[in-house]
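**Student:** What follows is a single structure, and I will ask about it in a moment.
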Amino acid sequence: MNSADVVFLCLPDAAAREAVKLVENPNVCIIDASTAHRTNPLWTYGFPELSPKHRQEIAKAKRIANPGCHATGFIAAAYPLVKLGIVSPDYPFSAHSITGYSGGGKGMIQEYEQTDRSVAFESPRQYALSQAHKHLPEMQYVTGISAPPVFSPIVCDFYRGMETCVPLHSKLFLKKVTKAELTALLEDFYKASSFIKIAHEESGFLPSNLMADNNGLTLYIEGNDEQMTITSVFDNLGKGASGAAVQNMNIVLGLNETESLL
């Protein structure tokens, strides 16, 4: 690791912390895919689309915490709302997030793909029922909200893909904005992004695997002027994981941000 320009850590949290201690060369950049350092102020959070400052900090960072998949979906929707003053930091956020089973790693993949599996695996399964999901701390930390969202992650019987839905009540907004105005504000917020786009679904259905095998993330603004939803649709293995890590590496190395990702 000490002879590399960039090191990716794809390890459990405890092992990631130990691995960092082995790197003595100050010029080595570590991009950690675990949860271990995502709320550590000494590490840079690897979500460059949030602001020019975020991108600049990533470019010079030697310690980068790669975002979690569910957290990516929530933060992409909620961060602009707080940053633009549309909602206060104490807005009562909630979210549900549907993921393909590859998000659970080797153990869950084996469970879903075994021939004699339980019939329960054919149905969507909500988990982290105690509101202690490991992505909640970074959701709160990065967005600056006063409490983590009430969060319902759901794993389903498909391999890859994800959608994270954040419901909104406009009567609780700090400033009144219509659905059309919110859409325009988010389009402007992410106008410089190569990977985050804003859309509206015309068919009435929004598949969770719509962005599978893709490194982009699309925010769908739905509902009406009183009750809206912002749904992040992306690939849990792309923008939700390794795609984001490669994007951060490109920025660190001074390459085109989209290198090998489009």
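Every read-out reported here was derived from the displayed coordinates using simple, explicitly stated rules and does not represent laboratory data. Just so it is clear, the structure is predicted and the values come from calculations on it, not from any experiment. Every residue, glycine among them, receives a Cβ derived from its backbone with ideal geometry; neighbour counts consider all protein chains shown.
**Student:** If packing is taken as the average number of other Cβ atoms within 10 Å across a peptide's residues, how do 54-61, 76-83, 239-246 rank, most packed first?
**Tutor:** Listed from highest to lowest mean packing, they are 239-246, 76-83, 54-61.
**Student:** Just for the Cα atoms in the range 33-184, what are the lengths along the principal axes, largest first, rounded to whole Å?
**Tutor:** 53, 42, 28
**Student:** Here is a follow-up. How many nm separate the modelled label positions at Leu129 and Glu202, each set 7 Å beyond the Cα in the direction of the Cβ?
**Tutor:** Label at Leu129, label at Glu202, 4.2 nm between them.
**Student:** Right, something else. Give, as a single signed number, the net charge of other residues whose beta carbon lies under 13 Å from the beta carbon of Ser193, with Lys and Arg counted +1 and Asp and Glu -1.
**Tutor:** 0
**Student:** List the GluC sites (Glu not before Pro) within the range 153-262 that DSSP assigns to loop and that have no more than 11 neighbouring Cβ atoms inside 10 Å. Working shown, then result.
**Tutor:** Numbers: sites: Glu163, Glu181, Glu187, Glu201, Glu202, Glu222, Glu226, Glu257, Glu259; in loops: Glu201, Glu202, Glu226, Glu257, Glu259.
When the GluC sites (Glu not before Pro) of the range 153-262 are filtered for loop state and at most 11 Cβ neighbours within 10 Å, Glu202, Glu226 remain.
**Student:** Can you sort Leu42, Leu136 from fewest to most other Cβ atoms within 10 Å of each residue's own Cβ? Working shown, then result.
**Tutor:** On the way: Leu42 7, Leu136 21.
Ranked by crowding around the Cβ, least crowded first: Leu42, Leu136.
**Student:** Students often forget the sequence filter, so: which aspartates and glutamates lie under 18 Å Cα-Cα from Lys191 once same-chain residues fewer than 8 apart are removed?
**Tutor:** Filter leaves Glu49, Glu181, Glu257.
**Student:** Please list, ordered by chain and number, the residues whose modelled amide H lies under 5 Å from the amide H of Ile30; skip anything fewer than 5 residues away on the same chain.
**Tutor:** Here Val7, Arg63, Ile64 satisfy the definition.
**Student:** Averaging sequence separations of C-alpha pairs under 8 Å and six or more residues apart, then dividing by the length of the chain, give the relative contact order as a whole percent. Please report the intermediate quantities before stating the final value.
**Tutor:** Numbers: 537 pairs, mean separation 55.0, N = 262.
So the answer I get is 21 percent.
**Student:** Express as a percent, rounded to the nearest 5, the fraction of DSSP beta bridges in the chain (both residues included) that run antiparallel.
**Tutor:** On the way: 21 of 41 bridges.
The antiparallel fraction comes to roughly 50 percent.
**Student:** Let me ask something else. P(r) of the chain in 10 Å steps, Cα pairs, percent per bin?
**Tutor:** Distribution as computed: 7, 30, 36, 21, 6, 0 percent.
**Student:** Please report the spacing between the Cα centers of the range 25-39 and the range 165-204 in Å, no decimals.
**Tutor:** So the separation of the two Cα centres works out to 32 Å.
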